[in-house]
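Student: Below are the structure tokens for one structure; questions will follow.
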Amino acid sequence: MKISHILLFSILNILAIKNSHALTESQEKVQALNVMKKYAEATACMTTFEKGEERLTTIKDVFTIDRDPSLGSSSYFILWGGDQGCNGGSGTWSSIISEVSRFSENRPFLVQNLDALGTDIYETINFRFIESVKKPQPKTLEIISWNYADDKYGGKDGGNNFPANKFKYIVKQDNENEWKVISQTLIKQNK
């Protein structure tokens, strides 16, 4: 009986020690943000991680997509912006939503992709002009972005850098883990 108590106590003690070193969600977000910042510094110019830029990427731009503390696995989407490849043109700067994740707590966070929502989303949302992203509920993002005038919504563009229409998009992850635009609402228009 004493051996079983000692064994049980030892196992509980090991689990307590393991869990005491586990990172909180906020600590993981900071780590993921730092990984994204290093990646952006190595691949882009005029990023939202640089001081002096109009908008800086902060912890509020990191969204928990999936997290399992028992395994230590986590996946975060990060909204940031920059001139990917440093091309320097008037239309080369864009917002980007990237995925940073890890498979277990003893593995590092890595940038998994630059198009966390998938490339089909670009057919609807113009990433050059994203103003904000929010996560109102699990598997759902609200994106505010401008887009050019078209036959459906009308409006008047003010040139390449001044699109006509401001939209609120609701983007949802489906059962196959694909992200789809489920609604698009015009909230402002230049005429």
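The values are calculated or read from the model by the stated rules, or taken from the named source; none is laboratory data. Predicted model only: the values in this text are computed from it and were never measured. Neighbour counts run over all protein chains shown; Cβ positions are idealised from the backbone, glycine included. Side chains are part of the model used for accessible areas, which takes the heavy atoms of the whole protein and leaves out ligands, DNA and RNA. Shrake-Rupley method; radii C 1.70, N 1.55, O 1.52, S 1.80 Å.
Student: Which residues in the stretch 61-103 place their backbone N less than 13 Å from a point set 7 Å from the Cα of residue 46 along the Cα-to-Cβ direction?
Tutor: What the label zone holds, given the 13 Å backbone N cut-off, is 81-95.
Student: Choose one of 94, 104, 133: the residue whose Cα lies farthest towards the positive end of the charge dipole of the stretch 72-144 (beta-carbon charges +1 Lys, Arg; -1 Asp, Glu; about the Cα centre).
Tutor: Checked the options; the winner is 104.
Student: Taking the chain as a Gaussian network, where each spring joins two C-alpha atoms under 10 Å apart, which residue of 72, 158, 82 fluctuates the most?
Tutor: Comparing 72, 158, 82 in a Gaussian network model of the chain, the most mobile one is 158.
Student: Let me ask another. Skipping prolines and chain starts, which residues have an amide H placed within reach, meaning under 5 Å, of the one on residue 155, given they are 5 or more residues away or on another chain?
Tutor: none
Student: Please give the solvent-accessible surface of residue 115 in Å², to the nearest 10, using a probe radius of 1.4 Å with every protein chain present.
Tutor: So the heavy atoms of residue 115 present about 60 Å² to solvent.
Student: Distance cut-off 29 Å, Cα to Cα: go down the list 29/139; 37/152; 51/152; 37/188; 60/166; 51/156 and report the pairs above it.
Tutor: 37/152; 51/152; 37/188; 51/156
Student: So how compact is the stretch 49-117: Cα radius of gyration and Dmax in angstrom?
Tutor: Values for the stretch 49-117 (Cα only, Rg and Dmax): 14.2, 46 Å.
Student: Now for a different question. Which one of 114, 143, 24 has its Cα pushed farthest toward the positive end of the charge dipole of the chain, where Lys and Arg give +1 and Asp and Glu give -1 at the Cβ?
Tutor: About the Cα centre, the residue reaching furthest to the positive side is 24.
Student: Right, here's the next one. If you compute semi-axes √(5λ) of the Cα gyration tensor in Å for the structure shown, which of (i) 24, 20, 19; (ii) 41, 19, 12; (iii) 34, 19, 13 do you land on?
Tutor: Read-out taken from this structure: (ii).
Student: Compute the angle between helix 25-43 and the longest alpha-carbon principal axis of the chain, please, reported from 0 to 90 degrees and rounded to the nearest 10.
Tutor: Here the helix axis deviates by roughly 50 degrees.
Student: Further question: If I take all pairs of Cα atoms in the stretch 19-63, what percentage of them are more than 17 Å from each other? Before the final figure, lay out the partial values.
Tutor: Working: 386 of 990 pairs.
So the portion of pairs separated by more than 17 Å is 39 percent.
Student: Taking +1 at the Cβ of each Lys and Arg and -1 at the Cβ of each Asp and Glu, which of 160, 75, 40 sits farthest along the dipole of the chain towards its positive end, judged by Cα position relative to the Cα centre?
Tutor: Result: 75.
Student: Next up: Looking at the chain as a GNM with Cα springs under 10 Å, which of 71, 79, 110 has the largest mean-square fluctuation?
Tutor: Per the Cα network of the chain with a 10 Å cutoff, 71 tops the list.
Student: In degrees between 0 and 90, to the nearest 10, how far off the longest principal axis of the chain does helix 2-20 point, with axes built from Cα atoms?
Tutor: Taking Cα atoms only, the helix is inclined about 20 degrees.
Student: Calculate, in nm to one decimal, what residue 22 and residue 172 gain on full extension: separation in residues at 0.36 nm each, minus their alpha carbon distance.
Tutor: Contour length minus Cα-Cα distance gives 51.0 nm.
Student: Based only on Cα atoms, what mean projected area does the convex hull of the stretch 83-183 have, in nm²?
Tutor: Details: hull surface 32.6 nm².
With every direction weighted equally, the projected area is 8.2 nm².
Student: Per DSSP H run of at least 4 residues, take -39500 (n - 2.57); add these up for the chain, divide by its residues and hand me the 222 nm value, nearest 500 deg cm²/dmol.
Tutor: Mean residue ellipticity, 222 nm, calculated: -7000 deg cm²/dmol.
Student: Roughly how many Å² is the accessible area per residue of the chain, as a whole number, for a 1.4 Å probe?
Tutor: Numbers: 11420 Å² over 191 residues.
Per residue, the chain has 60 Å² of solvent-accessible surface.
Student: Just how large is the dipole of the chain about the Cα centre, in debye to the nearest 20, putting +1 at every Lys and Arg Cβ and -1 at every Asp and Glu Cβ?
Tutor: Computed about the Cα centre, the dipole is about 560 debye.
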